[in-house]
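Let me begin by presenting the structure, written as structure tokens, before commenting on it.
The values are calculated or read from the model by the stated rules, or taken from the named source; none is laboratory data. Values in this document were obtained by computation on a predicted structure and should not be read as measured data. Because the Cβ atoms are built from the backbone with ideal geometry, glycine has one as well, and the counts that use them run over all protein chains shown.
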Amino acid sequence: MFERVSFTATTTDVAQQGLDALVRLYGQTDFEDADVVVALGGDGFMLQTLHATNAYKLPVYGMNRGTIGFLMNAYHESNLLMRLCDAERAEIHPLSIKVICRNGAVHKALAINEVSLLRAGPQASKLRISVDGRTRMDELVCDGVLLATPAGSTAYNYSAHGPILPIDAEVFALTALNAFRPRRWRGALLPQKAHVAFEVLEPEKRPVRADADSKSFDEVQRVEIASERSIVHRLLFDPGHGLEERLISEQFV
């Protein structure tokens, strides 16, 4: 049973109004003492909430007060505790990213949807791609490249013509953005146990930025990515509208 609910909301008026209404109905509990988190907003806010609640290992139930709401449920104020009790659960693992910059600085971050490398200047980027320490592509000339999880495969990845992945697929989608050489190279499917590295060639002439969900890193020299299996994010969905069903439905829109 989920009796102690922690509500959180993005700053938009409609989300804040929903927050006030739900807190009046069900009360408010801090993360430390809650059984579940209810997030009001869009998909971007859901990602923020998953990152913010990672240390508490709480399931998160989203209600759409944003635009797309792929990771969210419909907003209703009534019978919330029953909806939480009946909800389907999906478990996802984030990507762990290590970024090495041209000045030698090293940054680490987690990404739930995808890690993307994007050109940061007028010229196309040049990247070398390695998988498990073996060079798979000596030089990819492109606007960028991204590595998407199944949960993130319908977002930026799908817009870039990458594949939608079933939620329980043990693979990542490696998708190129406007590949110039090799001409029209679309990408690859890689096992989730793989360690993927991107090395930026000619970084002074062709600067590259790396993004991990909402975190950005400039002047990138190298990016190393792996699945972080020790971290589990638990998302709750109304019955019949779980993440697996949404991933399938998205392909027939």
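Tabulated data
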quantity	calculated
Segment 129-155, subset in contact (Cβ under 8 Å) with a residue 12 or more places away in the chain and polar (S, T, N, Q), residue surrounded by the fewest Cβ atoms within 10 Å (Cβ to Cβ)	Ser130
Scope segment 26-40; condition of a type outside the set (Ser, Thr, Tyr), surrounded by 13 or more Cβ atoms within 10 Å (Cβ to Cβ) and farther than 16 Å from Asn73 by Cβ; matching residues	Gln28, Phe31, Ala34, Asp35
Single residue of Arg229, Arg209, Arg181, Arg234 found to be under 22 Å from Ser125 (Cα atoms), in contact (Cβ under 8 Å) with a residue 24 or more places away in the chain and either in contact with a Pro (Cβ under 9 Å, 6 or more places away or on another chain) or surrounded by fewer than 16 Cβ atoms within 10 Å (Cβ to Cβ) (or both)	Arg181
Hey, Thr29 without any contact (Cβ under 8 Å) to a residue 40 or more places away in the chain, outside any helix (DSSP H, G or I) and out of contact with any helix residue (DSSP H, G or I) (no Cβ under 9 Å at 6 or more places or on another chain) or not	yes
Failed criterion for Ala90 (all others in (1) assigned to a loop (DSSP other than H, G, I, E, B); (2) at pLDDT below 95; (3) not β-branched (Val, Ile, Thr) hold)	(1)
Selected residue (criterion: surrounded by the most Cβ atoms within 10 Å (Cβ to Cβ)) from residues of segment 105-128 that are part of a loop (DSSP other than H, G, I, E, B) and hydrophobic (A, V, I, L, M, F, W, C)	Ile112
Conditions (1) surrounded by fewer than 17 Cβ atoms within 10 Å (Cβ to Cβ); (2) in contact (Cβ under 8 Å) with a residue 60 or more places away in the chain; (3) not hydroxyl-bearing (Ser, Thr, Tyr); number of the one not met by Arg222	(1)
Single condition Phe45 does not satisfy, out of (1) in contact (Cβ under 8 Å) with a residue 40 or more places away in the chain; (2) farther than 19 Å from Cys85 by Cα	(1)
